[in-house]
Amino acid sequence: MVLRAPEVDLPTQAAIDRAKIELERRLGPSKILTGVDACATYASDDSDVEGRPPDAVVVATSAADVAVTLAVAEACDVPVTPRAGGTGRTGGAVPVAGGIVLATHAIARLKEIDRANLVAVVEPGLITGELHAAVEREGLFYAPDPNSLESCMLGGNIAENAGGPRAFKYGVTRDWVLGLEVVLVGGRTLRTGKRTVKGVTGYDVTALLVGSEGTLGVFTEATLRLVPKPPAIATLLALFSDVQAAAGAVGAIIGAGVVPRCLELLDAATLDAVRSAGVSIDPRAGGMLLVEVDGEASESALMRVGEIASAAPGSVDVLVAQDAAQRDRLWAARRMLSKATRKLARHKLSEDVVVPRTRLAELLARADAIGAATGVRELAYGHAGDGNVHVNFLWNEDAERPSVDRAIGLLMRATIDLGGTLTGEHGIGVSKAPYLALEQSDDLIALQRDIKRVFDPKGLLNPGKIFPSGGHKAC
Ligand SMILES: Cc1cc2nc3c(=O)[nH]c(=O)nc-3n(C[C@H](O)[C@H](O)[C@H](O)COP(=O)(O)OP(=O)(O)OC[C@H]3O[C@@H](n4cnc5c(N)ncnc54)[C@H](O)[C@@H]3O)c2cc1C
């Protein structure tokens, strides 16, 4: 069951034909895919958004290729959808107007690690996990760690302002991007930002571009901040009778002044999914926290967390990882969650709403109530330290989709009622565009549309994303 694409202007056949001829002339045929099957593989991402297969895919291998593609797109009036790893959850890389997909996965060098200045210079197609491994071999650390890190790419992370379990202590991608090289529609290349931690010259255009979901420009290089690799890491699992008890313990841990680098929460239905995938978990547990601390005093900080968790109402057990292998096993359960829960039904939609941490228990209760009221199976897990919860809706039959849409709408409203925000890391894309006005005023949305027009007056770059379109009745 797919989410219908928004209504957007489509390029004319004559414009597409002209663009293909021009791209082949300027880039050479080996970088342009036009076959139906080849193009179809670039028509979707990890969301249920239905795209329109692109008319051509440019597999760029350099910043110059990106500039040529964006110049041809403007000259021929053909839309362009940038793409990195294709793991996005809201349809950001899905070409809803056909046209050109600009694939950046082959611009993938790690250009530099500067130890003295604690900086890495990367290209957008570099896989996030490969950057982690490379800098850690040098005793350095790049914190943003989306759970898709083995297949997502830095260009996509920057465009979505990706977060991950470590965001609680270390922040999200925006906190790690110092500067960007970006190509605008028409082919103009700009460098934004700086190579230093401090620097306040002019507007913070880098911060604007991070999280712009491929709608303002295409990144061809990023300068990233690094820090020394934390000397030690300690991890524990705290099991609780139910998820409300687990959520209650989150406040107690943070209230005690401990700043874990990760504070992940799983509810009862999620634990059942993990059990069905072969992981043994105490049958008394109906809620779980995975807590990780790092730094010099990690052992004592973890002991403190263990004491707080054991004393919290509803505590069932606390398990401390004794070595790296045990740590990896605890994390394996967390990292396989998405796949394990996907097996529970034919369709799964994962929302990523955020509420102030103190409202976490209320959000979880509201999500359960929404599942019960709509008859849609629901489970929740997520980054509890940030109040960022993945509420997942599961269903088998296409006829259930209207109830799912109702459940999503109720969840979005509940999130806003609780003082939260619609998306903590997946972005608005296509899926959440119909709800933007729940959170933002008409004036703020209009201001953002104006900004979009400054970067892309013809609206050719990633059309149909972020802003609600009249024809989109998706959710
Ligand atoms: C199993 C799983 C777990 C996940 N866990 C997390 C998580 O913990 N945290 C999290 O934040 N997300 C998570 N995600 C979502 C997804 O991985 C992130 O949004 C990720 O940042 C997308 O990166 P990508 O390379 O796949 O980008 P894509 O899906 O290819 O693109 C994402 C967006 O970036 C734009 N884009 C791509 N390249 C460029 C470029 N060079 N210049 C400008 N714009 C560009 C695209 O147009 C699109 O709008 C998860 C997804 C999956 C499938």
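Nothing in this text is a laboratory measurement; each read-out follows from the coordinates by a stated rule. Since the structure is predicted, the reported quantities are computational estimates derived from the model, not experimental observations. Every residue, glycine as well, gets a Cβ built from its backbone with ideal geometry; the counts of neighbours run over all protein chains shown.
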Taking the Cα centre of the chain as origin and charging only Cβ (+1 Lys, Arg; -1 Asp, Glu), how large is the dipole, in debye to the nearest 20?
-> 480 debye
Tell me which residues come under 5 Å, amide H to amide H, from VAL119 once H is placed; ignore anything under 5 positions away on its chain.
-> ASP114, LEU226
Estimated D of the chain in µm² per second, where Rh is the Kirkwood radius over Cα pairs and Stokes-Einstein applies at 37 °C, 0.692 mPa s = 142 µm²/s
What does the charge dipole of the stretch 393-441 about its Cα centre add up to, to the nearest 20 debye, if the Cβ of each Lys and Arg holds +1 and the Cβ of each Asp and Glu holds -1?
-> 140 debye
Between LYS198 and VAL259, what FRET efficiency comes out of the Förster formula 1/(1 + (r/R0)^6) with R0 = 25 Å and r the beta carbon distance, rounded to 0.05?
-> 0.60
So the compactness index of the stretch 351-475, its C-alpha Rg divided by 2.2 N^0.38 Å, takes the value 1.13
Can you give the translational diffusion coefficient of the stretch 11-128 in µm²/s, computed by Stokes-Einstein from the Kirkwood radius over Cα pairs at 25 °C and 0.890 mPa s?
-> 166 µm²/s
Under the classification rounded if a/c is under 1.5, otherwise prolate if a/b is larger than b/c and oblate if not, where does the stretch 167-316 fall, given a ≥ b ≥ c as square roots of the Cα gyration tensor eigenvalues?
-> prolate
How high is the relative contact order of the stretch 209-341, in percent, with contacts defined as C-alpha pairs under 8 Å that are six or more residues apart?
-> 36 percent
Cα-projected label distance for ILE416 with ARG284, points at 7 Å along beta-carbon direction, nm = 4.3 nm
From the phi of every residue in the stretch 217-233, what ³J(HN,Hα) in whole Hz does the Karplus formula 6.51 cos²θ - 1.76 cosθ + 1.60 yield, where θ is phi - 60° and glycine or proline is x?
-> x, 10, 6, 10, 7, 9, 9, 10, 7, 10, 9, x, 5, x, x, 8, 9
Filter on LYS194/LYS432; LYS31/LYS458; LYS169/LYS229; LYS169/LYS465 - keep pairs with C-alpha separation over 21 Å | LYS194/LYS432; LYS31/LYS458; LYS169/LYS465
Ellipsoid semi-axes in whole angstrom, largest first, where each is sqrt(5λ) of the Cα gyration tensor of the stretch 329-382 = 21, 17, 8
Return, ordered by residue number, the residues of the stretch 143-180 whose backbone nitrogen is under 11 Å from a label point located 7 Å along Cα→Cβ of ALA207.
-> 175
Considering only DSSP beta bridges where both residues belong to the chain, give the percentage that are antiparallel (nearest 5).
-> 85 percent
ALA108's amide H: which non-local residues (gap 5+, or another chain) put their own amide H closer than 5 Å, with H modeled 1.01 Å from N in plane and none for Pro or chain starts?
-> GLY125
Name the helices (complete DSSP H segments) of the chain with a Cα length along the long axis of 15 Å or more and a Kyte-Doolittle mean of at least 1.0, or state none.
-> 63-76, 243-255
Relative contact order as a percentage, the stretch 178-237, C-alpha pairs under 8 Å and 6+ apart, gives 41 percent
Rounded to the nearest 500 deg cm²/dmol, what is the calculated helix-only ellipticity per residue at 222 nm for the chain, with -39500 (n - 2.57) per DSSP H run of length n ≥ 4?
-> -10000 deg cm²/dmol
Please report, in debye to the nearest 20, how large the charge dipole of the stretch 113-181 is about its Cα centre when each Lys and Arg carries +1 at its beta carbon and each Asp and Glu carries -1 there.
-> 240 debye
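Let me check I've understood the local charge: for ILE253, count other residues with C-beta under 11 angstrom from its C-beta, Lys and Arg +1, Asp and Glu -1. What total comes out?
+1
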What is the Cα coordinate range of the stretch 73-160 on the first, second and third principal axes, sorted by size from largest, in whole angstrom?
-> 46, 28, 17
Honestly the stretch 1-46 on the Cα gyration tensor test (a ≥ b ≥ c root eigenvalues; a/c under 1.5 rounded, otherwise a/b vs b/c for prolate or oblate) is just oblate
